[in-house]
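Once you've had a glance at the structure underneath, I'll fire off some questions.
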Amino acid sequence: MTPASITRVIARLEQDLGQQLLVRTTRQVSLTSAGALVAARYRPVVEAFDNVRDELDRTCSRIAEGCRSMPPRLSDCDSCRNY
């Protein structure tokens, strides 16, 4: 994901939740208390998604026909890893 697309996803999430999740300055971006809560709650969901992706990837490696390449792991996103 590009930084711009991550910014749009976070802005949409903030809008949907009605909460500011990040404090943005010209020098840094940090989590608000609401952002820390959301990050803590979403982390297991992201890990579960990545586990499913890995399992599907292993299955696809065994079945050469009919599998398309898998998207990158969510937890591998450099911009997301810091939160």
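We did not get these values from a lab; they are worked out from the coordinates using the rules stated. What you are looking at is a predicted structure, and each value in this text was computed from that prediction instead of being measured. Every residue, glycine as well, gets a Cβ built from its backbone with ideal geometry; the counts of neighbours run over all protein chains shown.
For ARG53, state whether it is surrounded by 14 or more Cβ atoms within 10 Å (Cβ to Cβ) and under 15 Å from the mean Cα position of the chain (by Cα).
yes
Restricting to segment 1-48, give me the number of residues that are within 16 Å of the chain's Cα centre (by Cα), of a type in the set (Ser, Thr, Tyr) and either assigned to a loop (DSSP other than H, G, I, E, B) or surrounded by 14 or more Cβ atoms within 10 Å (Cβ to Cβ) (or both).
Residues in segment 1-48 being within 16 Å of the chain's Cα centre (by Cα), of a type in the set (Ser, Thr, Tyr) and either assigned to a loop (DSSP other than H, G, I, E, B) or surrounded by 14 or more Cβ atoms within 10 Å (Cβ to Cβ) (or both): 3 in total.
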